[in-house]
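Down below is the structure, laid out as structure tokens.
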There are 2 protein chains.
Amino acid sequence: MSTTAHRPQRADARRNREKVLAAAAAAFAESGLEAQVEDIARRASVGVGTVYRHFPTKEALVEALAAEHFNKLAGIAEGALQERGDPWEVFAAAIWRSANAAATDVAWCEIMGGQPTAAQAASSGQMRLAAAMTTLIERAQAAGVMREDATVDDIRTIMCGFGHVAAAQRAGSPMQWQRYLEIALDGLRTR
Amino acid sequence: MSTTAHRPQRADARRNREKVLAAAAAAFAESGLEAQVEDIARRASVGVGTVYRHFPTKEALVEALAAEHFNKLAGIAEGALQERGDPWEVFAAAIWRSANAAATDVAWCEIMGGQPTAAQAASSGQMRLAAAMTTLIERAQAAGVMREDATVDDIRTIMCGFGHVAAAQRAGSPMQWQRYLEIALDGLRTR
DNA sequence: CCCCAACCGGAACCAGCCTTCATGTTAACG
DNA sequence: CGTTAACATGAAGGCTGGTTCCGGTTGGGG
């Protein structure tokens, strides 16, 4: 009565799960969150039913990818914690790295741009990201290179704006989000 | 064969058109662009068919309101052109006035945040807004109080981000868009 | 090799929402 | 007041896109 996992998971099932995840990542990256489940299934060479076997809902799929994204962002921020040098440069470089990672992925931008779901807010990636960012900010402020009143929420807000700008202008002027970041970062710096 | 307007428009028709427009403005302001046509009709005490008699499509209704909004923004910017005083203060005040006008109107924020449709881009409001903004920017730059490389497109981008931030966070922290603007404006200023 | 639970496929289903249309009503001109 | 074209109504239509479900398939333990 304890071995619920006598037949844990079939090999092909696991394989399909990965295919779906990869296909979803590609579809969302290209078309944003409005990519259709059927398109994802097609890319994975799988029926829609299979997608739903592995993820109860389209949103669950999004959530899974969002978690991945936030983990990557957390990784970038935590990496920056290790770096030596001018705290401002360290902070700014982390932001630029994050932006560059997200900019080519429409869904990633949209996730950053939208307000986080309950699931996201509680995800470990978000927590780690917020923690690392807080330290980066404090260090920069201690060195007197970042405005004293800046908070993690401000960064979140700026990155939210970034996400929208990058997602919205993927058709128009492609590099406008870089200008956006230049200006916003300048606004965070001490003068 | 010239008088196509023998019976130009019935009085009640004109009245209904206004009711629809007002109802749409209210519905969009409250629920954003995803407000439903049926809701608009209900608010106007009118059938959906009547809405479609006056506006061929929901999008046309949005377009009409968008034009109104851009005219208001143009008015604000042109008003600023008349003002005396530090060009930075004049510019910044115009931005704040615009933001405050839009912030309580979800659809307005979404319109600012989305990329402009062809119709919008060609609207007289947009043109006037861009023209006035350009002058405000040039004056500030001439006075040495705004970064030299700033352009109208940068302002557009920043206001696009603003729209999204304000619309996205209407549920969460309500005043975060103000922080956003503070920082972005600081980034535009000369240090 | 057999068998069964796990798994797959994709047509059918369903809900939300914009739009149309056939029918009934009304302003306004003569 | 009669006539008519303009107008209003809201149920029905149709499209889009997520989700379900059942008949068929298959991995893998015995």
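The values are calculated or read from the model by the stated rules, or taken from the named source; none is laboratory data. Please read these numbers as outputs of a predicted model, since none were measured by experiment. Don't worry about glycine lacking a Cβ; one is built from the backbone with ideal geometry, like all the others, and counts go over all protein chains shown. Side chains included, ligands, DNA and RNA excluded: accessible areas come from the protein's heavy atoms. Shrake-Rupley method; radii C 1.70, N 1.55, O 1.52, S 1.80 Å.
Kindly compute the accessible surface that chains A and B hide from a 1.4 Å probe when together, both sides summed, and give it to the nearest 100 Å². So the buried area, both faces added, is about 2300 Å². Across segment B:14-20, rounded Karplus estimates of 3J(HN,Hα) from the backbone phi angles (6.51 cos²θ - 1.76 cosθ + 1.60, θ = phi - 60°) give 4, 4, 4, 4, 5, 4, 4 Hz, Gly and Pro being marked x. Separation of segment A:82-140 and segment B:78-136, taken as the distance between their Cα centroids, equals 30 angstrom. Sequence-distant contacts, meaning Cα pairs under 8 Å at least 6 residues apart, place the relative contact order of segment A:85-191 at 37 percent.
If you run the Gaussian network model on chain B, springs between alpha carbon atoms under 10 Å, then out of B:Q126, B:Q82, B:Q36 the most flexible one is B:Q82. The angle between the Cα long axis of helix B:176-188 and the main principal axis of chain B comes to about 50°, on a 0 to 90 degree scale. Couplings 3J(HN,Hα) of segment B:164-170, computed from phi: 5, 4, 5, 6, 5, 9, 5 Hz, in residue order, whole Hz [Karplus 6.51 cos²θ - 1.76 cosθ + 1.60, θ = phi - 60°; x for Gly and Pro].
Its Cα centre serving as origin, chain A has a Cβ charge dipole (Lys and Arg +1, Asp and Glu -1) of approximately 760 debye.
Assuming R0 = 45 Å, can you tell me the calculated FRET efficiency for the pair A:T117 and B:E18, based on Cβ-Cβ distance, to the nearest 0.05?
With a Förster radius of 45 Å, E is 0.65.
Amide H contacts under 5 Å for B:R189: B:R147, restricted to partners 5 or more places along the chain or on a different chain, H placed in the peptide plane at 1.01 Å from N.
On the protein assembly as shown, 54 percent of the accessible area sits on carbon and sulfur atoms, based on a 1.4 Å probe. Accessible area drop of at least 30 Å² (1.4 Å probe, protein heavy atoms): which residues of segment B:121-151 qualify, relative to the chain alone? Those are B:R147, which lose 30 Å² or more relative to the chain on its own. Kindly identify segment A:63-188 as rounded, prolate or oblate by the Cα gyration tensor criterion: order the square roots of the eigenvalues as a ≥ b ≥ c, call it rounded if a/c is under 1.5, otherwise compare a/b with b/c, prolate if a/b is larger, else oblate. It comes out oblate by the Cα gyration axes.
The number of Lys pairs in the protein assembly as shown with C-alpha atoms less than 30 Å apart, excluding pairs fewer than 8 positions apart on the same chain, is 7. With everything on Cα atoms, drop me the angle between helix B:87-103 and the longest principal axis of chain B, reported from 0 to 90° to the nearest 10. In chain B, helix B:87-103 runs at an angle near 30 degrees to the longest axis.
For chain A, the longest principal axis of the alpha carbon atoms and the long axis of helix A:124-142 meet at an angle near 10°.
If you run the Gaussian network model on chain A, springs between alpha carbon atoms under 10 Å, then out of A:H54, A:H69, A:H164 the most flexible one is A:H54. With a cut-off of 15 Å on the backbone N, the residues of segment A:122-142 near the modelled label site 7 Å out from A:A101 along Cα-Cβ are A:124-134. Panel values: the protein assembly as shown, Kirkwood radius from alpha carbon pairs, Stokes-Einstein at 4 °C and 1.567 mPa s, translational diffusion coefficient 56 µm²/s.
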